[in-house]
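**Student:** Take this structure first; my questions come after.
The values are calculated or read from the model by the stated rules, or taken from the named source; none is laboratory data. Just so you know, these numbers come straight off a predicted model, no measurement behind them. FYI the Cβ positions are ideal-geometry reconstructions off the backbone, even for glycines, and counts take in every protein chain you see. With ligands, DNA and RNA removed, areas are computed over all heavy atoms of the protein, side chains included. Shrake-Rupley method; radii C 1.70, N 1.55, O 1.52, S 1.80 Å.
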Amino acid sequence: MAHKDSVAVIGLGRFGRSLALELVDEDTEVLGIDENPEVVQLLSGSLTHVVRADSTNESALRQLAVHEFDRAVVAIGSDLEASILTASLLVSFGIQDVWAKAISEAHGRILSQLGVRHVVYPEHDMGRRVAHLVRGRMLDYI
Ligand code: ATP
C-alpha cells in the first residue's frame with residue numbers, strides 16, 4: 001500500500017464504514033482498523049486492507065505502518081477513552097491530516113487540544129443539513 005496516498009480509517013462502525021467505502025469508491029486506498037473481529041470479517045474484501053487491532057496500542061499501529069500515513073480518520077465515537085488515546089497516538093506520529101469524529105462539544109474540544117486538525121460532528125452536522133432539506137421541501141408547498 002502506498003501509504004502517502006492512502007487513508008487509515010480507525011473504527012469501522014456505521015460512520016467509519018460508510019466513510020471508508022466511499023473513499024474506496026473514489027479510488028483511494030484504505031486501511032481499515034477495528035478491534036471487533038465480526039466487523040473486520042464483514043468488510044474484508046471491500047476495503048484495500050482490513051485488520052483487527054486495538055488502536056490504543058502504539059506498537060500495533062506501528063506494525064501496521066499507520067505512522068507512515070499522511071491522512072488518518074478516528075471514527076470511534078462513543079468510546080471516549082479509545083477515541084482520545086487513538087487520536088493522541090496519531091498526532092504523536094506526526095500525521096499531517098488527522099480527522100476525528102466527536103460526539104459532543106467537550107469531546108471535540110479535547111480532540112482539538114490534542115492537535116487533531118479536523119474535528120467533525122456527524123450527527124450535529126447532519127441534523128443541520130436535514131433541517132435545510134426539510135425547509136426546502138416545505139417551500140415546495142407554499
Ligand atoms: P457509529 O455511530 O459510527 O456506529 P459509534 O460512535 O457508536 O459509531 P463506537 O462504538 O464508538 O461507535 O465505535 C465505532 C467502531 O470503533 C466499532 O466498530 C468499534 O469496534 C471500534 N473501536 C472502538 N474502540 C476501538 C479500539 N480501541 N480499537 C479499534 N477499534 C475500536
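**Student:** Provide the packing ranking of 5-12, 124-131, 111-118, i.e. peptides ordered by the mean count of other C-beta atoms within 10 Å per residue, highest first.
**Tutor:** The densest-packed peptide leads the list: 5-12, 111-118, 124-131.
**Student:** Quick one: pull the percent of accessible area on the chain belonging to carbon and sulfur, 1.4 Å probe, ligands and nucleic acids left out.
**Tutor:** 50 percent
**Student:** Taking only protein heavy atoms into account and a 1.4 Å probe, give the accessible area per residue of the chain in Å².
**Tutor:** Result: 60 Å² per residue.
**Student:** If you average the sequence gap of Cα pairs under 8 Å that are 6 or more apart and divide by the length of the chain, what percent do you get for the contact order?
**Tutor:** 19 percent
**Student:** Here's something else I'd like to know. In deg cm²/dmol and to the nearest 500, what is the mean residue ellipticity at 222 nm of the chain if only DSSP H runs of at least 4 residues count, each as -39500 (n - 2.57), divided by the residue total?
**Tutor:** Helix-only estimate at 222 nm: -14000 deg cm²/dmol.
**Student:** Given R₀ = 30 Å, what would the calculated FRET efficiency be for E29 paired with A131, taking r from the Cβ atoms and rounding to 0.05?
**Tutor:** With a Förster radius of 30 Å, E is 0.30.
**Student:** Let's see if you can work this out: charge +1 on each Lys and Arg Cβ, -1 on each Asp and Glu Cβ, no other charges. What is the dipole magnitude of the stretch 72-132 about its Cα centre, in debye to the nearest 20?
**Tutor:** 180 debye
**Student:** Only Lys, Arg, Asp and Glu count, each charged at its Cβ (+1, +1, -1, -1), so figure out the dipole size of the chain about its Cα centre, rounded to 20 debye.
**Tutor:** The dipole magnitude comes to about 440 debye.
**Student:** Given 5 Å bins starting at zero, what is the percent of C-alpha pairs of the stretch 51-142 in each, up to the one with the largest pair distance?
**Tutor:** The calculated distribution, bin by bin, is 3, 14, 22, 19, 14, 9, 6, 5, 4, 3, 1, 0.
**Student:** Another one. Which shape class, rounded, prolate or oblate, goes with the stretch 1-61 when its Cα gyration tensor gives a ≥ b ≥ c as root eigenvalues, a/c under 1.5 marks rounded, and past that a/b bigger than b/c marks prolate?
**Tutor:** oblate
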